[in-house]
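Q: Pasting a structure below so you can have a look.
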Amino acid sequence: MVMFAGASALALHRQGPVQPDTSSITPATVDLGRAIFHGKGTCFACHGQKLEGSQIAPTLMPHAWRDAKNGEFAEIYRVATHGVPSTLMVAYPGGISPAEALAVASYVWSVGKGKAKP
């Protein structure tokens, strides 16, 4: 599974703003993304344990997305891999890999669409 996610991440990175196929997101990918979000990626430190946001980072639950246009999967991945200028959001937070960033994006997108719990 990680090999597939890695290949997808690299293809996404090269191609730019291509909408990935969200049908390839599996429960295992979401679980991996959840583990990275709450662990190595340290995403929870700013975005909260339940993706509720904080004073320094926005919610990742359904809302009017500012940086990841319309909460689209490819846009969430772009933010995780490129960061957001003039904010604390860095590219590859916690030193995660492109494959791990793809798993985190899968988790965040799935929670935002009501397909997974935080």
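Q: All other residues with a Cβ under 10 Å from the Cβ of Glu75 taken together, and with Lys, Arg as +1 and Asp, Glu as -1, what is their net charge? Please report the intermediate quantities before stating the final value.
A: On the way: positive: Lys69, Arg78; negative: Asp67, Glu72.
Within the 10 Å Cβ shell, the charges total 0.
Q: Okay, next question. Compute the label zone of Thr42 within the range 68-101: residues whose backbone N is under 14 Å from the point 7 Å along Cα-to-Cβ.
A: Counting backbone N atoms under 14 Å from the label point, the list is 88-96.
Q: For the range 19-118, count the residues as N, evaluate 2.2 N^0.38 Å, and divide the Cα radius of gyration by that value, please.
A: Values: Rg = 11.8 Å, N = 100, 2.2 N^0.38 = 12.7 Å.
Taking the Cα Rg and dividing by 2.2 N^0.38 Å, one obtains 0.93.
Q: Sticking with this one: Quote the relative contact order of the range 61-112 in percent (integer), defining contacts as alpha-carbon pairs under 8 Å separated by 6+ residues.
A: Reported relative contact order: 36 percent.
No lab work stands behind these numbers, since they all come straight from the coordinates. For clarity, every value in this text was computed on a predicted model and none was experimentally measured. Note: ideal-geometry Cβ built from the backbone for every residue, glycine included; neighbour counts use all protein chains shown.
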